[in-house]
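Q: Got a structure here, written out as structure tokens. Questions coming.
The values are calculated or read from the model by the stated rules, or taken from the named source; none is laboratory data. These figures come from a predicted structure and were not determined experimentally. Cβ: placed from backbone, ideal geometry, glycine included. Neighbour counts: every protein chain shown. Surface areas here come from the heavy atoms of the whole protein model, side chains and all, with no ligands, DNA or RNA. Shrake-Rupley method; radii C 1.70, N 1.55, O 1.52, S 1.80 Å.
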2 protein chains.
Amino acid sequence: MWHKTGMIVHERDPYNAETSREGLLAPITGAASFYVRNHGPVPDVDERTWSLAVGGLVESPARLTLAELTENFAHHEVVATLQCAGNRRSGFLPVEDIPGEDPWGPGATSTARWTGARLGDVLRSAGLRDGAAHVEFEAPDVSDLADPPQRYGGSVPLGKALADEVLLAWAMDGDPLPRVHGGPVRVVVPGWIGARSVKWVERITVRTDPSANWFQATSYRLLPPETDPDSAGPGDGISLGPVALNCDILTPEPGERVSPGPVRVRGYAHAGEDRGVARVDVSGDGGATWVQADLAEAASAWAWRHWQASLELGTPGRRTLLARAWDTTGACQPESAGALWNPKGYANNSWARVQVRVGAQD
Amino acid sequence: MWHKTGMIVHERDPYNAETSREGLLAPITGAASFYVRNHGPVPDVDERTWSLAVGGLVESPARLTLAELTENFAHHEVVATLQCAGNRRSGFLPVEDIPGEDPWGPGATSTARWTGARLGDVLRSAGLRDGAAHVEFEAPDVSDLADPPQRYGGSVPLGKALADEVLLAWAMDGDPLPRVHGGPVRVVVPGWIGARSVKWVERITVRTDPSANWFQATSYRLLPPETDPDSAGPGDGISLGPVALNCDILTPEPGERVSPGPVRVRGYAHAGEDRGVARVDVSGDGGATWVQADLAEAASAWAWRHWQASLELGTPGRRTLLARAWDTTGACQPESAGALWNPKGYANNSWARVQVRVGAQD
């Protein structure tokens, strides 16, 4: 059983825990506070015997030990935010319950400095064959979310797999990758839902089609609201890949009592894939008026941006704080969770909403 | 003075006219119905003397005649939807007026089959030098929207300029490019706001920075609501590039009286750059319930998708029809124009809203 202190634990077995609001305020989260999303038990992987098979539509199938991976390929670092497709699912629950899925708050996302080999370098070294279009990752953790249970896996299109930012990472913030975060080696696919950053990866298969693994073909898909998720089949709904523009408010916390006078509001914003965060607006009056937040620089093109604003919340009483982000193409987040609700509770990127009470402290 | 029949004309000089709802129902719009957005008088360009200068950060500056462009470079075809950044601006006007900008409805967008040389081929032929990061386009049309008046221009980042889909186009739907649409040669930048598809292009300059032209540096930027657009300077706001996910309802038309019984609702949806349209929902009761529309195949990855749905609108009375699109990443359009309103009225990609009356025909 895995455990990290200071986390908000949703499940103990498999261990699923999100980063606290306080933990989310750091530009680099740190392994101790980094969110954990598991679909099955953390597997026993021995880095001395671990190896990575590279096969499918390649000229020269290969099997790489950890020493071969780290010694035969150039090392690259990327600061990247990972975000679970279920991040902020809790915002959907007032609309309609989502049985069987963890009620993640804003903390199913975290940022680390990853070190590894470029997946593209490994693929080019093996040589791509005609028809190569998707790259599948397989891991040894077995999940009973699938029926029958199966090993975790997924895939990304070849174009993304070859992109400079995609790593086979063996280090996190300069330390060997902790087992619970996928050590000895995990895939890191910046800008895409965390589900594609497969942990404990041990097999890479170049294919013509996306992976048939349950977590690619059936799960992690945005289903229309009227769909029964238990009867959804392969290919139903929209396959989730690049992370949608999102943000949340980290302080004050929901239900917090704040003193009259200016209140400092802080949070994060993140835009997936080729998009960045360009602006964040914050409102202290439920959306009647907005102020622009000050944006911190992103640590990289693949990392979130923290922001802060000072709001005058006026006379004592309840207030709804709102935040919304705009991306570098000029697009804004959708307003309400109700419009985005879906049976598996993915991709809630509606405006951040936090209720506080203005008044003297008790 | 330019004129096309059957268009909704917003300005006669410079000629600015949008495609009718009926015209928007065709997969390929046709030159006769294609929307026209001009910033100044249509220039006199003689294709016998026209030439294209290629300079800036290139190894071999060049000047190409039309014969050289069409004979020395491979021909490519792309079916692409162009969309003005001001498309659907009229939806902003009930929120707050936008003086000095045309109240475009859903018809500042159209689709054509473009033929031309790849911009990337022309740039590679000239040879890129170190520091090349943006590609600027300049045209001879002079606009007094800038103060002092200046020639129209703009730029795109080098990565987009080199992409396969970006053309120097001399033909539209198989015919020589009409003058009002930029003939003899225009840039076509699929997936980006129409402003970057510079018409009558006569100079291409490879640069380290985006163009300093007023239409790149100051205009076509999404400003915060409180900004006075007349005092906005270069670099203010968010520079618009990739087109935001959008849709509109084409039939029934606003204010139309429809018979009781099932009503066929038709429209278009479009997602810019690397995104596609994955789903369209339509509501006949103001958003209480939704049905999924049937989506037509897109003519290319760069073209809109038409859709249709059958709605039961129930008993006589006023109804608000809504439509909203989801893109291939699982993101949805924002709900309300009020949240997106900006001083220049760009990028209104809020849900489509059309009021109709259910009742017997007069």
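Residues are listed down the side, and each one gets a yes or a no for (1) within 14 Å of chain B (Cβ to nearest Cβ); (2) crowded, with 22+ Cβ neighbours inside 10 Å; (3) in contact (Cβ under 8 Å) with a residue 12 or more places away in the chain:
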position: A:269; (1), (2), (3): yes, yes, yes
position: A:295; (1), (2), (3): yes, no, yes
position: A:298; (1), (2), (3): no, no, yes
position: A:321; (1), (2), (3): no, yes, yes
position: A:331; (1), (2), (3): yes, yes, yes
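Q: So, in region B:333-346, how many residues would count as being within 17 Å of residue A:341 (Cβ to Cβ) and open to solvent by 10 Å² or more (accessible area, probe 1.4 Å)?
A: 1
Q: Consider residue A:23 carefully, then state whether it is out of contact with any Pro (no Cβ under 9 Å at 6 or more places or on another chain) and over 23 Å from residue A:142 (Cβ atoms).
A: Here the answer is yes, as residue A:23 does meet what is asked.
Q: Which numbered condition trips up residue A:252, out of (1) modelled with pLDDT of 95 or more; (2) open to solvent by 10 Å² or more (accessible area, probe 1.4 Å); (3) of a type outside the set (Lys, Arg); (4) more than 17 Å from residue A:28 (Cα to Cα)?
A: (2)
Q: Test of understanding: among A:55, A:6, which residue is among the small types (Gly, Ala, Ser) and open to solvent by 40 Å² or more (accessible area, probe 1.4 Å)?
A: A:6
Q: Being more than 23 Å from residue A:96 (Cα to Cα) and among the charged types (D, E, K, R) is the filter; apply it to region A:203-223 and report the residue that is farthest from the other protein chains (Cβ to nearest Cβ).
A: A:203
Matching residues to (1) more than 30 Å from residue B:29 (Cα to Cα); (2) within 18 Å of the chain's Cα centre (by Cα); (3) in contact (Cβ under 8 Å) with a residue 40 or more places away in the chain:
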site	(1), (2), (3)
B:125	yes, no, yes
B:132	yes, no, yes
B:170	no, no, yes
B:184	no, no, yes
B:189	no, yes, no
B:205	yes, no, yes
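Q: So how many residues does region A:174-194 have that are surrounded by fewer than 23 Cβ atoms within 10 Å (Cβ to Cβ) and in a helix (DSSP H, G or I)?
A: Here the count works out to 3.
Q: A further question follows. For region B:309-316, state whether one or more residues are closer than 30 Å to residue A:86 by Cα and at pLDDT 95 or above.
A: The answer is no, given that none of the residues of region B:309-316 is closer than 30 Å to residue A:86 by Cα and at pLDDT 95 or above.
Q: So, one more: Give B:52, B:69, B:64, B:57 a once-over and let me know the one that is free of Cβ contacts under 8 Å to residues at least 60 places away in the same chain, among the aliphatic types (A, V, I, L, M) and farther than 15 Å from residue B:110 by Cβ.
A: B:64
Q: Hey, another quick one. Do you know which of the residues in region B:14-50 that are touching a Cys at 6+ places or on another chain (Cβ under 9 Å) and among the charged types (D, E, K, R) is most open to solvent (accessible area, probe 1.4 Å)?
A: In this case the residue turns out to be B:37.
Q: Here's another thing I want to ask about it. Inspect all residues belonging to region A:276-284 and state whether any of them is within 27 Å of residue B:288 (Cα to Cα), touching a residue at least 12 places away in the same chain (Cβ under 8 Å), in contact with a Ser or Thr (Cβ under 6 Å, 6 or more places away or on another chain) and open to solvent by 10 Å² or more (accessible area, probe 1.4 Å).
A: No, the conditions are met nowhere in region A:276-284.
Q: Every residue in region A:134-166 that is in contact with a Lys or Arg (Cβ under 6 Å, 6 or more places away or on another chain) and among the β-branched types (Val, Ile, Thr), please.
A: A:142, A:156
Q: Take the conditions closer than 21 Å to residue B:85 by Cα and among the aromatic types (Phe, Trp, Tyr) and apply them to residue B:104. Does it pass?
A: Here the answer is yes, as residue B:104 does meet what is asked.
Q: Is it true that some residue in region B:239-247 is out of contact with any strand residue (DSSP E or B) (no Cβ under 6 Å at 6 or more places or on another chain) and either away from chain A (no Cβ under 14 Å) or at pLDDT below 95 (or both)?
A: Checked region B:239-247: no residue is out of contact with any strand residue (DSSP E or B) (no Cβ under 6 Å at 6 or more places or on another chain) and either away from chain A (no Cβ under 14 Å) or at pLDDT below 95 (or both).
Q: Give just the number: which of (1) at pLDDT 95 or above; (2) more than 23 Å from residue A:87 (Cα to Cα); (3) out of contact with any Leu (no Cβ under 7 Å at 6 or more places or on another chain) does residue A:261 not satisfy?
A: Among (1) at pLDDT 95 or above; (2) more than 23 Å from residue A:87 (Cα to Cα); (3) out of contact with any Leu (no Cβ under 7 Å at 6 or more places or on another chain), the lone unmet condition for residue A:261 is (1).
Q: Taking only region B:333-353 into account, find how many residues are part of a loop (DSSP other than H, G, I, E, B) and more than 8 Å from chain A (Cβ to nearest Cβ).
A: Number satisfying all stated conditions: 8.
Q: Something else about it: Going by the structure shown, is residue A:114 among the aromatic types (Phe, Trp, Tyr), under 20 Å from residue A:175 (Cα atoms) and open to solvent by less than 10 Å² (accessible area, probe 1.4 Å)?
A: Yes.
Q: Quickly run through region A:122-148 and pick out the residues that are surrounded by fewer than 19 Cβ atoms within 10 Å (Cβ to Cβ) and within 17 Å of residue A:201 (Cα to Cα).
A: A:140, A:142
Q: Kindly list the number of the only condition in (1) open to solvent by less than 10 Å² (accessible area, probe 1.4 Å); (2) without any contact (Cβ under 8 Å) to a residue 60 or more places away in the chain that fails for residue B:98.
A: Answer for residue B:98: the failing condition is (2).
Q: Return yes or no: is residue A:85 under 19 Å from the mean Cα position of the chain (by Cα), surrounded by 17 or more Cβ atoms within 10 Å (Cβ to Cβ) and more than 20 Å from residue A:154 (Cα to Cα)?
A: Considered against the rule, which asks whether it is under 19 Å from the mean Cα position of the chain (by Cα), surrounded by 17 or more Cβ atoms within 10 Å (Cβ to Cβ) and more than 20 Å from residue A:154 (Cα to Cα), residue A:85 comes out as no.
Q: How many of the residues in region B:75-95 are touching a strand residue (DSSP E or B) at 6+ places or on another chain (Cβ under 7 Å) and farther than 16 Å from residue B:220 by Cα?
A: Summing the residues that are touching a strand residue (DSSP E or B) at 6+ places or on another chain (Cβ under 7 Å) and farther than 16 Å from residue B:220 by Cα in region B:75-95 gives 7.
Q: Follow-up question, since we're still on this one. Restricting region B:300-319 to residues that are over 15 Å from residue B:262 (Cα atoms) and surrounded by 21 or more Cβ atoms within 10 Å (Cβ to Cβ), which is farthest from the chain's Cα centre (by Cα)?
A: Here the residue is B:307.
Q: Residue A:211 - would you say it is of a type in the set (S, T, N, Q), within 17 Å of the chain's Cα centre (by Cα) and open to solvent by less than 10 Å² (accessible area, probe 1.4 Å)?
A: no
Let's see how each residue does on (1) under 20 Å from residue A:91 (Cβ atoms); (2) surrounded by fewer than 24 Cβ atoms within 10 Å (Cβ to Cβ); (3) in contact with a Gly (Cβ under 8 Å, 6 or more places away or on another chain); (4) more than 14 Å from every other protein chain (Cβ to nearest Cβ):
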site: A:201; (1), (2), (3), (4): no, no, yes, yes
site: A:225; (1), (2), (3), (4): yes, yes, no, no
site: A:231; (1), (2), (3), (4): no, yes, no, yes
site: A:256; (1), (2), (3), (4): yes, yes, no, yes
